[in-house]
């Protein structure tokens, strides 16, 4: 008969830090941390020494100096007498503009192409395959400069619109002019405008918020809320009585009537671009650089999104469709209630990373001269002031902040559409 | 018994299916004209294809291959009666400059070196890419190749790469000797130390001494002469080769239980993935020298290589982490229950499966990195896009647009498309019927 005894208590020895698995992980972590801190300290001290040798201490005072360069495509008012900080802010908004425009068009195009690629129509499916392979396998920078070249070389100059028998004409009922200097689209004008609110006074971050836009958004939000309330009530009635009241006209009306009244009250009209002298005046001028970047990023990202959408739809087994049909659901309800919720679960995570890629790729704007944050802060400001360290680090921080925000928002959305398991 | 009226005793001959259901007509009915919407789409698509081809084919088929300038091209086209701005392509520019687009300003008498380097690259990659068709002894060459590649491209004395190689050999000997005598762990530490001492302290003297004894070497080519596709491929290959091991380490770090290591890896990966490559290239061109001891000034291509490698390693890490996460928990537990330690489990059980799952992701990262090498034109390196601007600035070719872009796009397409096809082949080959 044996008796169990406690194992002999080991004295702690220094070698146990390496050989005892209980302590080894702590040892490794401490070594890693020390190594990392040493590396960081080494880099920082090198940087400080180098900057001291160059006579450039790290400081951000240059942001207050006048930028003295122009930004031709912008959302905010800006002159070359404004500060570098203002220029960076204008550039940041430009980045966001092209990112948002690109994400929206890329999604729409990508979904259409992804669905068409699954089409039973042989020639359409092949064409879409060609599109996807063509855009995925050629660098996006090449597409950007290529589309820029197409815009500059093939579109008519503004003078082609002049004369009795012009070579070129405006499209969409004389409202949009497509020229080799950019696209002129009608602008929204309000004759009884509510005016603007000026935020942040006269600082570099000042911007104006149009009260007309605010009013429009408030009414739109109210209309969406009312429409949902009508739907909710219809659901309620249907559950009680089994009959669903016809509500589509109510749901259209809550949008059309208040918005129509608001726009009429504000005196909404369009300001059309007109040819005056050698160029177009009026309307909103979207320059070629913006258009080229927008088109190229959308087309390029659409090819990736198309593949994601295709994979998402193909990931749903045919049994799901058949089971839903066996339950007696109609085609569109099968799509809405069975296929899409499951496909979205597959589609959204890679979609997020494509939005992030598009936003990061928008930094290639510098190749066509669109003044986004890379073109202002990382381009002209950096070259003029010679403050490489400050500019590049800030530029990285800005992009990091944008990326983290997008992924936070999209991950939140992903959580909300995810299939709830258990 | 009642009589059975009629029982057929032989089979009827098979009837032909209706003519509208088989053959070309049947195929077209099913695939092109199944309903009115499909028919409309088909007609639209055919019209579109026809328009594109009608515009593109005559443009491409322009007999301007031997023209010496854009105006000569226009004369040739004019003589054919083709007028207008888009009458035809001017292929003379490709004929004159394709060598430059591929080799940059690399000295023309030394073209054999990059060519040899890339052919040997194929040989070195063969045992990795087609492991079932090529004798595995070639792996020895693959291991040597990282030392041959830079020597062939940049040139210089042969003792440099040899001494780098000697460092590895020395480290290996120290490791085997010490690990037998004392322990495995000390073997690794001392081996790495020996190699580092060799590289940092001794190898300079060794190279100098050997060079004075026997100056074997080939002509040095400076980095600023690199350009064109050679530069793209060089950056792509080096970044890809270095980022895979680095990515594996980062992915393991991110998955590990060691909290500090994990957060260091997460921080690195998320930082790199959160910023565009162009900002990292700005770091390479302006800041990297600031981060190093005063007086260090090394080559711009090397700096770009470092940043592109770090960039792709972060993406690679995420792809491999996906593969690791996709492995069932039972695989890790099975490895533990066999008594394997961490590295044995990784090497024998986890990594082979995780890497297999992540092949498509790895290849698409490769393709992405290769495409992203075009960005170096923004910081002034002469990759194909950078060269295209130089060519268009030439008085002879001022005004050329489409031909050069088309040529560059075509070459990129060929590389990237074949890489994606290879990944499909590999997926099929490694498909063992379960996941």
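Some observations on this one:
- Single unsatisfied condition, residue A:102 versus (1) out of contact with any strand residue (DSSP E or B) (no Cβ under 8 Å at 6 or more places or on another chain); (2) within 13 Å of chain B (Cβ to nearest Cβ): (2)
- Residue within the stretch B:344-362 that is facing chain A (nearest Cβ under 10 Å), touching a residue at least 12 places away in the same chain (Cβ under 8 Å), surrounded by 16 or more Cβ atoms within 10 Å (Cβ to Cβ) and in contact with a helix residue (DSSP H, G or I) (Cβ under 8 Å, 6 or more places away or on another chain) present: no
- Qualifying residues in the stretch A:273-290 (those that are in contact with a helix residue (DSSP H, G or I) (Cβ under 9 Å, 6 or more places away or on another chain) and within 26 Å of residue A:372 (Cβ to Cβ)) - the one surrounded by the most Cβ atoms within 10 Å (Cβ to Cβ): A:289
- Condition broken by residue B:288, with the remaining ones in (1) touching a residue at least 60 places away in the same chain (Cβ under 8 Å); (2) part of a helix (DSSP H, G or I); (3) closer than 30 Å to residue B:384 by Cβ satisfied: (1)
- Check on residue B:291, facing chain A (nearest Cβ under 9 Å) and either in contact with a strand residue (DSSP E or B) (Cβ under 7 Å, 6 or more places away or on another chain) or surrounded by 14 or more Cβ atoms within 10 Å (Cβ to Cβ) (or both): yes
- Those residues of the stretch B:367-390 which are assigned to a helix (DSSP H, G or I), more than 12 Å from every other protein chain (Cβ to nearest Cβ) and in contact with a helix residue (DSSP H, G or I) (Cβ under 8 Å, 6 or more places away or on another chain), in sequence order: B:387
- Flag if residue A:132 is part of a helix (DSSP H, G or I) and assigned by TED's automatic domain parsing to the domain that holds residue A:344: yes
- The stretch A:35-88: number of residues that are outside any helix (DSSP H, G or I), more than 14 Å from chain B (Cβ to nearest Cβ) and surrounded by 15 or more Cβ atoms within 10 Å (Cβ to Cβ): 9
- Flag: residue A:403 does not match the condition of being under 22 Å from residue A:109 (Cβ atoms), crowded, with 17+ Cβ neighbours inside 10 Å and within 10 Å of chain B (Cβ to nearest Cβ).
- Just one of the numbered conditions (1) touching a strand residue (DSSP E or B) at 6+ places or on another chain (Cβ under 9 Å); (2) exposed (fewer than 15 other Cβ atoms within 10 Å of the Cβ); (3) at positive phi is not true of residue A:194: (3).
- Some residue of the stretch A:152-160 being modelled with pLDDT of 85 or more and either surrounded by 15 or more Cβ atoms within 10 Å (Cβ to Cβ) or over 25 Å from the mean Cα position of the chain (by Cα) (or both): yes
- Yes/no for residue A:235 being touching a helix residue (DSSP H, G or I) at 6+ places or on another chain (Cβ under 8 Å), without any contact (Cβ under 8 Å) to a residue 12 or more places away in the chain and not in a strand (DSSP E or B): no
- All positions within the stretch A:355-395 that are surrounded by fewer than 22 Cβ atoms within 10 Å (Cβ to Cβ), in a helix (DSSP H, G or I) and away from every other protein chain (no Cβ under 11 Å): A:380, A:384, A:385
- Among residues of the stretch A:299-324, those that are farther than 29 Å from residue A:104 by Cβ and touching a residue at least 40 places away in the same chain (Cβ under 8 Å), counted: 0
- Within the stretch A:128-139, the set of residues being facing chain B (nearest Cβ under 7 Å) and buried (at least 20 other Cβ atoms within 10 Å of the Cβ) comprises A:137, A:138, A:139.
- In the stretch A:74-96 there is at least one residue matching the filter, namely being closer than 30 Å to residue A:344 by Cβ and either in contact with a helix residue (DSSP H, G or I) (Cβ under 7 Å, 6 or more places away or on another chain) or touching a residue at least 12 places away in the same chain (Cβ under 8 Å) (or both).
- Total residues in the stretch A:255-298 satisfying the condition of being in a strand (DSSP E or B) and closer than 30 Å to residue A:222 by Cα: the figure is 5.
- Among the helices (runs of 4 or more DSSP H) confined to the stretch B:1-108, the ones with at least 1 residues that are under 30 Å from residue A:153 (Cα atoms) and away from chain A (no Cβ under 14 Å) are located at B:36-60, B:70-79, B:92-103.
The values are calculated or read from the model by the stated rules, or taken from the named source; none is laboratory data. Predicted, not measured: the structure shown is a model, and the values here were computed from it. Because the Cβ atoms are built from the backbone with ideal geometry, glycine has one as well, and the counts that use them run over all protein chains shown.
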